[in-house]
Amino acid sequence: MASNLETLVTVFGGSGFLGRAVVRALCKRDYRIRVAVRRPELAGHLQPLGKVGQIHAVQANLRYPASVEAAMRDADIAINLVGILAPSGAQTFDAVQAEGAGTVAKAAAHAGARMVHVSAIGADANSVSRYARSKAAGEAAVLSAVPAATILRPSVVFGPEDDFTNRFAALARISPALPLIGGGATKLQPVYVGDVATAVADAVDGKIKAGATYELGGPEVLSMREIMEIILSITERDRMLVSLPFGIAKLQALFLQFAPGAFKLTPDQVELLRSDNVVSEAAKAAGLTLEGLGIAPDSLEGVAPQYLWRFRKAGQFTHKSA
């Protein structure tokens, strides 16, 4: 039986939040990994995740097809994890999440490689959100070039280095109130980064249906208000939760899109919060979920205390709503 060490996997976006978890999962299964990133000199933190020589970082930029083709040379499998939450300069939603995904898929097809593409729940060609439209365009481009590609659509992903729970915990540290856009009624299904990485590794193992689209969510559907309350409880912060109508939030986002750190909010992110981000009933019925893969998902309340403790403030916790 062939060893996984004979299989070369190119991971595009392997140095990011999800990328680190995927590389770790693949290393545990003894794959050879080529991490394709824009700045390979900044990917040294990945080396301790594997054995000596198991991980090799190379330069690739999805806006330059030649670099992507070079990163795919002699590879057996391509994994595309590249995504952005907000555009910046030449890194637009279309350039990265639509055209970029297609570039990876074309390179994979040329190399005769299998492909795993990580998209997002909510990808929709008819969405008012540019983020969601570009995710849908990326899926279409991938399947056009590699019809047997596996698409994984996670809900919002949480974990030690995420830009979700950490962002609100940081905001609670410095702000007396936290905004609930649309009243905090939007429903999400937060999924642990380690569970998503396991699903990606299972796809590489060939345990997932080719050409299928899976929706990955955690064990609970939570409103944004409930998520905020969980974060405040874990960090022991007494903060007011203030309802903010979508119209006002979008107006504020016109200015906050230029703000630094935890205060940053774009109009497109406000649009995304108009729709729930949960696993569909169709995916559940077809078994195209984490549970369908035999993965028991970890909950936000079970995992987040392991890393949000650093935001805690000593003392009694209570919180108010407005």
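Couple of notes before you dig in:
- Whole-number D in µm² s⁻¹ for the range 188-322, Kirkwood Cα-pair radius fed into Stokes-Einstein, 4 °C, 1.567 mPa s: 75 µm²/s
- Alpha-carbon Debye profile of the range 56-99, log10 I(q)/I(0) at 0.33 Å⁻¹: -1.27
- Amide H contacts under 5 Å for L241, placed H, 5+ residues apart: L178, K320, S321, A322
- Computed on the range 174-312, with alpha-carbon pairs under 8 angstrom and 6+ residues apart, the relative contact order is 40 percent.
- The alpha-carbon atoms of the range 179-248 define a convex hull whose volume equals 111 cubic angstrom per residue.
- Degrees separating the helix 130-145 axis from the principal Cα axis of the chain, which is the longest one: 20 degrees
- Put simply, when 88-94, 117-123, 165-171, 220-226 are sorted by average Cβ atoms within 10 angstrom per residue, most first, you get 117-123, 165-171, 220-226, 88-94.
- Accessible area of the chain divided out per residue, in Å², using a probe of 1.4 angstrom: 45 Å²
- Order by protection proxy (mean Cβ within 10 Å, highest first), peptides 47-59, 270-282: 270-282, 47-59
- Rounded to the nearest 10 degrees, the angle from helix 246-256 to the longest Cα principal axis of the chain is 70 degrees.
- Recomputing mean projected area of the Cα convex hull in nm² from the coordinates shown identifies the correct label among (i) 19.3; (ii) 34.3; (iii) 16.5 as (iii).
- Coil-residue chymotrypsin sites (Phe, Trp or Tyr not before Pro) of the range 249-309, DSSP, other Cβ within 10 Å capped at 13: F258
- Label zone of R312 (point 7 Å out along Cα→Cβ, amide N under 11 Å): in the range 215-235 this covers 234-235.
- Of all accessible heavy-atom area on the range 164-320, the percent that carbon and sulfur account for (1.4 Å): 57 percent
- Peptides 126-135, 35-44 ordered by average Cβ neighbours within 10 Å, highest first: 126-135, 35-44
- Ellipticity estimate at 222 nm from DSSP helix runs (n ≥ 4, -39,500 (n - 2.57)) divided over the chain, nearest 500: -10000 deg cm²/dmol
- Measuring max minus min along each principal axis, the C-alpha atoms of the range 129-266 give extents of 49, 31, 25 Å (largest first).
- Formal net charge of residues neighbouring T10 (Cβ-Cβ distance under 12 Å; K, R +1; D, E -1): +1
- Sequence-distant residues sharing a close amide H with L152 (under 5 Å, placed H): H117, V118, S119, Y214
- Antiparallel bridges, percent of DSSP beta bridges restricted to the chain (to nearest 5): 10 percent
- Principal-axis tilt of helix 224-235 within the chain, Cα atoms, nearest 10 degrees: 80 degrees
- Cross-link check: pairs K106/K250; K187/K284; K28/K209; K135/K264; K135/K209 evaluated at a Cα-Cα cut-off of 26 Å; pairs beyond the cut-off: K106/K250.
- Distant-in-sequence amide contacts of A259, defined by a placed amide H-H separation under 5 Å and a gap of 5 or more residues or a different chain, comprise L265.
- Calculated FRET value between E281 and A259, using beta carbons and R₀ = 25 Å, to 0.05: 0.10
The values are calculated or read from the model by the stated rules, or taken from the named source; none is laboratory data. As the structure is a prediction and not an experimental result, all values here were calculated from the model. A quick note on method: Cβ atoms are made from the backbone with ideal geometry, for glycine too, and the neighbour counts reach across all protein chains shown. Areas reflect the complete protein model, heavy atoms only, side chains present, ligands, DNA and RNA absent. Shrake-Rupley method; radii C 1.70, N 1.55, O 1.52, S 1.80 Å.
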